[in-house]
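Report on the structure given below.
The values are calculated or read from the model by the stated rules, or taken from the named source; none is laboratory data. Predicted model, so just to flag it, every value in this text is computed and none were measured. Cβ coordinates were reconstructed from backbone atoms using ideal geometry, including for glycine residues, and neighbour counts include every protein chain displayed. To get the accessible areas, we keep the full protein, side chains included, count just its heavy atoms, and leave off ligands, DNA and RNA. Shrake-Rupley method; radii C 1.70, N 1.55, O 1.52, S 1.80 Å.
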Amino acid sequence: MRTSVRTALRYVFLIIIALVVLFPIYIAVVNSLLSGQQIAHRPPTLFPLHPLWNSFSLAWSFGHLGTYLRTSVIVSVLTTLAALTTSVLAAYAFAFLEFPLKRIMFSLCLATLMVPAEVTIIPNFRTIQILGWYNTYPALIIPFAASGIGIFLLRQSFRQLPRELHDAAVLDGYGHWRFLVRVVLPLNRAMIGAFAIFAFLSSWNQYLWPLLVTNSDSHRTVQVGLRQLEGLNPDQQNIVLAGTILAALPIFLILFIFQRQLVRGLTAGAVKG
Amino acid sequence: MISGRRRTRIRNSALAYVMILPAFVIFMIFVFYPLVKTFYLGMYRVPPFPGLPQKYVGLSQYSSVLSHSEFLTPLWDSTLYVLFTVPAGIILGLGIAVLAHRHLAGIRIFRTIFSSTIATSVAVASVIFFTLLDPTTGLFSYWIGQRGGVGILGNPTWALPAVATVSIWQNLGFAFILMSAALNSVPDDLLDAAAVDGASGTRRFFRITVPLISPTLFFAMIIGVISGFQAFGQIDLLTQGGPDGHTNVLLYQIYTVFFTNADTGTSSVMAVALFVILVLLTIAQFLLVQRKVFYADKR
């Protein structure tokens, strides 16, 4: 009897917290489906009986969300690919090759983790201006095309490959490039995938840097685009929120698709612990 | 004559340098050079009128800026912001993780809901709350009986706690996932044994669970403080540092002094200060991680 009361209480708490957590998202969806006047109406409408979907097409075209999302996809995909490429190459050198100054160079890679991008914006902004990259894709991509954390994670992962695999590949006449493409990459795809998701999300969610180096709608990423959108009139809040939902949707989808991998990672850690 | 082995070694070294070159070119241009340059820019005073030459003043600009209220007030605001966000974020994340830890029917739905805010960016969360806190049309303003006026975000007392609340909500998903993973690593037999010995639920939690997950708690604390000092987007989208500078955190102040006032000297000094703060925190984090590894080895 006491345990069932406890379980019921637990559910009550769970439901209350779930409602509090979901409430802002729920109201954002509801208000995106109301007209501007309905949002301002009191008492407030908590359920859209006659949803108006045109706010989404207005946000897409009039609010430039289509352009912003395109820019964000281009920037995030290219940044991820570039960071993956530079990290895989450097990680391979640190894991499988011997060369002078190796330790110092690896320490320098780790040292970049100590320097957040926020600290170096002032000279970096000037560099972008000198290179003539203001308002261009390279300004948004190139500074993040190398990643200290990427090199570190992939090098750790590469080093876990059995030594015999390398020896066998050498016996088979594999050079370093063939060994990298045929053996190292396929066997490390879990870590490569994890780093790719991480790199994509960090690029997608950037705010300060894109705000500094772009000022035209054609090169604004979606996060900075939301800043433009926020400035609309109060009676256009349905468009603002529709745009915000469109901006969040790709990440919700990515996390939903990769949820199983994330959960598997967590439970694998739990079993080991 | 060069022996075959030596030739292979030279060739491998050359290959290695080719492979690390792309990453190092980018690190040199966008990490190491600007870091040194920021220190250097901090030693030049920017004249009040554009066009006049910058004047070398050395470290005196560091001492004047770092002791001035234009730096100390934002530093205090950042500290307050960290104090508002970090403990509350950890306690809420842990509390909800404990509540959702036990296996109940439908618990997976709750876990998905509690993790959901991880999909929102700072900008998405900020714009949603900006509309909820709007003084004329916002639902929260309506509920607390406010209509018109400056609203919560325009109130000197409540603006910073309101911005902090938005961040706590936005980071709740991450905190929940982190704390749930930590709870999963606590061995059940240890808790069961304590229960058999007559330890109450509260006692088991504070005497067994909390010490065992303390590395995760420290980790969450350090990264919470680091990201708290890097707060920018939520300030820019919710208050622009206002009202009357009450949410003008350090990074927002650096941005304003650099971008609006075009004062590279003063803003560089502040950026160096931010760098020192963050490096000290990162070192603390590394030391803690090392200790965690040490404990794991010992067990």
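Annotations
- Fully extended contour minus Cα-Cα distance, from A:A194 to A:I104, at 0.36 nm per residue: 29.7 nm
- Model label zone, A:N215; criterion: amide N under 16 Å from point 7 Å along Cα-to-beta-carbon; scope region B:226-258: B:256-258
- Inter-label distance for A:Q156 and B:V18, nm, one decimal - labels placed 7 Å from Cα along Cα-to-Cβ: 3.0
- Listed residues A:W177, A:W60, A:W209, most fluctuating in chain A (Gaussian network, C-alpha, under 10 Å): A:W177
- Short to long, the 5 Å bins of the Cα pair-distance histogram for region B:98-177 hold 3, 14, 20, 18, 14, 13, 10, 6, 2, 0 percent of all pairs.
- The phi-based Karplus calculation (6.51 cos²θ - 1.76 cosθ + 1.60; θ = phi - 60°) puts the 3J(HN,Hα) values of region A:77-88 at 5, 5, 4, 4, 4, 5, 5, 4, 4, 5, 6, 4 Hz, whole numbers, x for Gly and Pro.
- 5 angstrom amide H check on B:Y44, placed H, neighbours 5+ away: B:V57
- Cα gyration tensor shape of chain A, rounded if a/c is under 1.5, else prolate or oblate by comparing a/b with b/c: oblate
- Span-rule helices in chain B, defined as complete DSSP H runs reaching 18 Å or more along the axis (Cα) with Kyte mean at least 0.0: B:4-27, B:69-99, B:159-184, B:214-229, B:264-298
- By average C-beta atoms within 10 angstrom, highest first, the peptides B:186-194, B:157-165: B:157-165, B:186-194
- Heavy atoms of chains A and B lose about 7600 Å² of accessible surface on contact, summed over both sides with a 1.4 Å probe.
- C-alpha center-to-center spacing [region B:1-60, region B:174-225] in angstrom: 45
- For region A:13-26, the Karplus equation 6.51 cos²θ - 1.76 cosθ + 1.60, evaluated at θ = phi - 60°, returns couplings of 4, 4, 5, 4, 5, 4, 5, 5, 5, 7, 3, x, 5, 4 Hz by residue, with Gly and Pro reported as x.
- Calculated log₁₀ intensity ratio I(q)/I(0) where the Debye formula runs over C-alpha points of the protein assembly as shown, q = 0.13 Å⁻¹: -1.52
- Here the calculated FRET efficiency for B:Q240 and B:I283, from their Cβ-Cβ distance with R0 = 25 Å, stands at 0.15, rounded to the nearest 0.05.
- Residue ranking by accessible heavy-atom surface, 1.4 Å probe, largest first, among A:M191, B:M28, B:M19, A:M114 comes out as B:M28, A:M191, A:M114, B:M19.
- With a Förster radius of 51 Å applied to the C-beta separation of A:N135 and A:R10, the computed FRET efficiency comes to 0.40.
- Here the 3J(HN,Hα) profile of region A:184-201, calculated from phi with Karplus coefficients 6.51, -1.76 and 1.60 at θ = phi - 60°, is 5, 4, x, 6, 10, 5, 5, 5, 4, x, 4, 5, 4, 4, 4, 5, 5, 5 Hz, Gly and Pro shown as x.
- Efficiency of FRET from Cβ geometry, A:L253 and A:N233, R₀ 41 Å, rounded to 0.05: 0.85
- Cβ-based net charge around B:L251, under 10 Å, with every Lys or Arg adding one and every Asp or Glu removing one: -2
- Rounded accessible area of B:H246 (nearest 10 Å², 1.4 Å probe): 80
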